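Structure record follows, encoded as structure tokens.
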Amino acid sequence: MSSLADALLRHACADDKERRDRDAILALLVRGDRAFARSEHDPGHLTGSAFVLDARQERVLLVHHAKLDRWLQPGGHAEPGETDPSLTALREATEETGITGLQLHPSAPRPFDLDVHLIPARKEPAHLHHDVRYLLVAPEGAEPVASEESRAVEWRPLGEAAGPDADAAFRRAIGKIRMLTFRPSRCPR
């Protein structure tokens, strides 16, 4: 069994949807390298995305996706021959934000979150993205730059990251980040 399948089997799903999505991703992996091919529309293909934290782990970086007209985490399709969604997530996050030196979060589970969602028809038919999500940390002082795929890119405080257009899976992932990065403040005596 592949290392990705092993990691998925060890993944602690936060809810029933994430458990169903993990099972769908595992089922897709039996296709081998074809599971990562953008041309595979039935039942879809694997993608990799990244929730990028600033160096202090207080803010998350979001991109306003031009085609979907929504604030999302950076991520996307594997390149031909790319079969590790963590590398896809790192590459896509670097391309979409202009930030070099992104690193996998040292204590976050790998993968961090899983989500299967519908991509509406455009130049290609409607299809499912089987998204394997990772938590990354940006280097100190990182300043993002919007790419041609996004209208804007911005750091948002974790408490304000899930805007009104956020779906339940995005909210779940932000909740996981908040739990992982929670630092209790000291109360005066």
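The values are calculated or read from the model by the stated rules, or taken from the named source; none is laboratory data. This is a predicted model, so every value here is computed, not measured. Ideal geometry is used to build each Cβ from the backbone, glycine not excepted, and the neighbour counts take in all protein chains shown.
The single condition from (1) surrounded by 19 or more Cβ atoms within 10 Å (Cβ to Cβ); (2) among the small types (Gly, Ala, Ser); (3) under 30 Å from SER39 (Cβ atoms) that ALA161 fails is (3). Just one of (1) in a loop (DSSP other than H, G, I, E, B); (2) more than 16 Å from the chain's Cα centre (by Cα); (3) not basic (Lys, Arg) fails for ALA152. It is (1). Between THR88, THR94, the distinction of being assigned to a helix (DSSP H, G or I) and farther than 21 Å from LEU158 by Cα belongs to THR88 only. When PHE112, PHE51 are checked against the criterion of being of a type in the set (A, V, I, L, M, F, W, C), out of contact with any Ser or Thr (no Cβ under 9 Å at 6 or more places or on another chain), under 19 Å from GLU160 (Cβ atoms) and crowded, with 21+ Cβ neighbours inside 10 Å, a single residue qualifies: PHE51. Look at ALA35 and say whether it is surrounded by 16 or more Cβ atoms within 10 Å (Cβ to Cβ), within 25 Å of GLY141 (Cα to Cα) and either in contact with a Cys (Cβ under 6 Å, 6 or more places away or on another chain) or at pLDDT 95 or above (or both). No, not satisfied. Here ALA142 clears all of (1) modelled with pLDDT of 95 or more; (2) among the hydrophobic types (A, V, I, L, M, F, W, C); (3) within 18 Å of the chain's Cα centre (by Cα); (4) over 23 Å from PHE36 (Cβ atoms) except the condition numbered (3).
For region 88-101, the condition holds for no residue, the condition being that it is modelled with pLDDT of 95 or more, out of contact with any Cys (no Cβ under 9 Å at 6 or more places or on another chain) and within 17 Å of ARG10 (Cα to Cα).
Close contacts from region 92-113, counting a first residue that is without any contact (Cβ under 8 Å) to a residue 24 or more places away in the chain and over 24 Å from LYS17 (Cα atoms) and a second that is among the aliphatic types (A, V, I, L, M) and surrounded by 16 or more Cβ atoms within 10 Å (Cβ to Cβ), with Cβ to Cβ under 8 Å and a gap of 6+ residues or different chains, come to THR94/LEU102.
Can you spot a residue in region 22-33 that is in a loop (DSSP other than H, G, I, E, B) and either of a type outside the set (S, T, N, Q) or touching a residue at least 60 places away in the same chain (Cβ under 8 Å) (or both)? Scanning region 22-33 turns up at least one residue that is in a loop (DSSP other than H, G, I, E, B) and either of a type outside the set (S, T, N, Q) or touching a residue at least 60 places away in the same chain (Cβ under 8 Å) (or both). State whether the residues of region 123-141 include one that is within 30 Å of ARG20 (Cα to Cα), of a type in the set (A, V, I, L, M) and assigned to a loop (DSSP other than H, G, I, E, B). Scanning region 123-141, I find at least one residue that is within 30 Å of ARG20 (Cα to Cα), of a type in the set (A, V, I, L, M) and assigned to a loop (DSSP other than H, G, I, E, B), so the answer is yes.
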